[in-house]
Structures are given as structure tokens and as C-alpha cells.
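Written below as C-alpha cells is the structure these notes are about.
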Amino acid sequence: MSIEHTHPAAGAIPDAPAASSLAQRLKALSARPQSLTARELIDRYMAAYAGADTTRAQRLSAWSTLIGEFTLEQIDSDVMYAGRAELSQQPALVYLGLDHQGRQIFRAKGRKQEKTPATVNRYMVAMAAVFTWAIEQRLAPRGWVHPCRGIKRLPEPDGRVRYLDDAERIRLFEACRASQYPRLYALALMAMLTGARKGELLGLKWRQVDLDAGVATLARTKNGDRRTLVLLPELVDVLRPFAGDRDRHLFGSVASKHQKPASVDSAWRDAVARAKIRDFRFHDLRHCCASYLAQAGTPLNVIAEVLGHRKLDMTRRYAHLTTQTKAAAMRTALSGIGC
């Protein structure tokens with residue numbers, strides 16, 4: 001006599017012991033850690049952080065000092081509001097590099113005693129990202145309200161827009177060509193023609209570049225997005241003589257045979273000084289790119305795409321340049337009508 005074995009149909013209600021076991025497993029999986037402190041949460045976040053923001057660790061370290069002993073249950077918008085006020089009174093810091101253990105070194109910036117509103121806002125953004133991550137990872141207490149909710153950003157002045165005129169640009173590029181770092185001109189030209197940040201360019205390897213197609217791919221940008229840079233023919237011509245092994249940096253240090261990114265701060269300062277240009281930072285090459293595009297009548301949304309801005313608000317600082325271009329075009333085309 002054969003015995004047929006039957007199996008419960010899909011979707012069948014499990015018996016009581018199976019249901020109890022399933023409930024216990026779900027309960028165990030949904031359990032949350034007990035009373036994490038802000039310092040413990042920051043440590044977990046940084047261990048998992050895969051972004052390209054080099055300031056994130058320093059800013060979160062400041063928050064760890066301020067509120068590190070607070071448990072998440074104790075942190076609310078009042079604590080964050082008070083923490084922001086305290087941070088705003090502390091001096092702004094300048095990044096100096098890494099010590100022998102790989103830790104970041106900072107010093108107080110000049111004689112100015114307080115951080116700017118824009119800097120304080122960035123500190124808030126960094127900590128807000130940690131709290132958002134805690135909620136997503138189910139590390140925060142159930143029903144916990146994001147402590148940065150309801151805290152408005154501090155008002156910021158219009159962002160700095162410094163770009164070179166034709167004569168300044170010629171002098172700068174001549175000085176870059178004469179630099180002891182043989183790729184400084186290529187680096188400066190690429191920054192100006194793509195709008196990429198210095199850190200993004202120094203991190204580029206040849207495997208991310210297709211000179212024939214005229215594109216370079218940034219896998220990790222400051223805001224975490226993937227971005228494609230368009231390489232204009234004149235830039236491709238400058239880069240091609242340096243093309244090398246796919247795992248080498250475009251702008252690597254000569255001593256490491258381009259296996260490590262170059263340190264170009266000294267070479268850049270020397271080039272700016274030789275060119276006799278005042279008040280011009282490497283990051284202003286990015287402003288040059290955006291400003292020249294705006295003056296050519298390029299829509300702000302396209303400029304935002306070139307720069308990798310997530311929000312158009314960041315690009316509005318160039319709006320006055322597009323207005324000037326439109327006004328000039330209108331005067332040329334429409335002047336005399338109605339006279």
C-alpha cells in the first residue's frame with residue numbers, strides 16, 4: 001500500500017508551532033539596538049560611508065565632541081539647534097593633510113573666530129545625513145522624529161563667482177605650462193573645460209577615460225552621483241600624450257609613477273603668483289566653466305548638469321551672467337523698434 005505525501009499549498013496558513021517560530025524570527029530580525037549614543041552612531045555611519053566628501057569625517061568629529069554622549073532618545077531639535085549655535089562660535093578650520101597614521105590634520109583659519117553661515121549649514125547637513133541613515137537602517141528608536149526636522153538653514157550670501165578675463169587666462173595657462181609639475185596645465189585646462197572639482201580630477205584613472213569617445217566617467221562625485229565629463233577635442237589633444245596604464249592616475253605624482261594622486265597645491269600657488277593673478281583659487285576654474293557657459297547663453301539647467309548640481313539653487317549664482325547675455329542679444333536684435 002503506497003502512502004502519498006501531501007504538502008501544504010502555497011499560501012496555506014502554517015500550523016501553530018510553525019507560526020510561532022516565524023513570529024519569533026521576525027521579532028528577532030526587527031529588534032533594534034539598545035540606546036545607541038551619537039558617537040556610536042557616527043562611528044557606524046563612517047564605517048559604512050562610501051561617499052567622496054573628504055570633509056565628512058572632520059565635520060562629524062565636531063558633532064561627536066558636542067553631542068557624542070547623548071543617546072538618540074535624548075537628541076531632538078532643541079539639542080541640534082543648541083549644537084548649531086555652539087558650532088557657529090567655533091573657528092573655521094583649514095585642512096593641512098594627513099599625519100603619519102593617516103588622520104586628517106586641521107588648523108584654525110586665519111584670525112576669523114566664527115564659521116560662516118554656509119559652513120555651519122554644511123555641518124548640519126552632515127549630521128542630518130547620519131540621522132537619516134539611522135532611520136533607514138532601523139538603528140533609531142521606533143517612532144523617533146528626525147531631530148533636524150523644522151530647523152531652517154541659516155541664510156547664506158550669494159556664492160562667490162570669480163572667473164578669469166582673457167588676459168588673466170592666457171597668463172595663467174602660460175604659468176601652468178612652465179610648472180615643475182608637468183601635468184599642471186592639463187589639470188587646469190580640464191578643470192576649466194569640464195567644471196569638475198579638483199578632488200574628482202585627481203582621483204581619475206585612465207580606465208575611466210575614453211579619449212576616442214571624448215568622455216570621462218566620475219564614479220563617485222562629492223554628492224555621491226555618477227557623472228560623465230565631456231572632453232572637448234582641444235582637451236583630448238592635451239591629455240593624449242600622457243595616456244598610460246589603465247590603473248594609473250591621469251594626474252598622479254611623479255614620484256609614485258602616477259600610482260597615487262599628485263599634491264598640486266604648491267605648484268598651483270606658484271603658477272598663480274607667476275601669472276600675477278589675485279584672489280583666484282583652483283576651485284574658481286569651476287566657476288570659470290560655469291560663467292563662460294552662462295555668458296554664452298547656456299540655460300541654467302544645462303549648467304547645473306555640467307557641474308553636477310543636484311539642485312538648481314546652486315547654479316542660480318550665475319543667473320546674472322545669462323541675463324547680461326540676453327540683454328545684449330535683445331539690444332542688438334530689437335533696438336530701434338518703436339522709435
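The values are calculated or read from the model by the stated rules, or taken from the named source; none is laboratory data. Predicted model only: the values in this text are computed from it and were never measured. Because the Cβ atoms are built from the backbone with ideal geometry, glycine has one as well, and the counts that use them run over all protein chains shown.
Taken over the stretch 65-92, the residue count meeting the criterion of being closer than 30 Å to G199 by Cα and in a loop (DSSP other than H, G, I, E, B) is 5. Of these, E200, E156, which one is crowded, with 18+ Cβ neighbours inside 10 Å and either at pLDDT below 95 or in a loop (DSSP other than H, G, I, E, B) (or both)? The match here is E200.
Suppose the filter is modelled with pLDDT under 95 and out of contact with any Leu (no Cβ under 8 Å at 6 or more places or on another chain); does D237 pass it?
No; evaluated as a whole, the condition is false for this residue.
The residue of the stretch 40-61 that is surrounded by the most Cβ atoms within 10 Å (Cβ to Cβ), among those that are touching a residue at least 24 places away in the same chain (Cβ under 8 Å), more than 14 Å from A128 (Cα to Cα) and of a type outside the set (A, V, I, L, M), is D53.
Residues to consider are R248, R269; find the one that is under 17 Å from L202 (Cβ atoms) and in contact with a His (Cβ under 6 Å, 6 or more places away or on another chain).
Among R248, R269, only R248 is under 17 Å from L202 (Cβ atoms) and in contact with a His (Cβ under 6 Å, 6 or more places away or on another chain).
Number of residues in the stretch 62-75 that are closer than 14 Å to M127 by Cα, surrounded by fewer than 16 Cβ atoms within 10 Å (Cβ to Cβ) and in contact (Cβ under 8 Å) with a residue 40 or more places away in the chain equals 0.
With respect to K260, is the statement that it is loosely packed, with under 14 Cβ neighbours inside 10 Å, touching a strand residue (DSSP E or B) at 6+ places or on another chain (Cβ under 7 Å) and not acidic (D, E) true? Considered against the rule, which asks whether it is loosely packed, with under 14 Cβ neighbours inside 10 Å, touching a strand residue (DSSP E or B) at 6+ places or on another chain (Cβ under 7 Å) and not acidic (D, E), K260 comes out as yes. Kindly evaluate A62 against the criterion of being part of a helix (DSSP H, G or I) and modelled with pLDDT of 90 or more. Yes, satisfied. Scanning the stretch 35-59 for residues being within 15 Å of the chain's Cα centre (by Cα), aliphatic (A, V, I, L, M) and in a helix (DSSP H, G or I) gives a total of 1.
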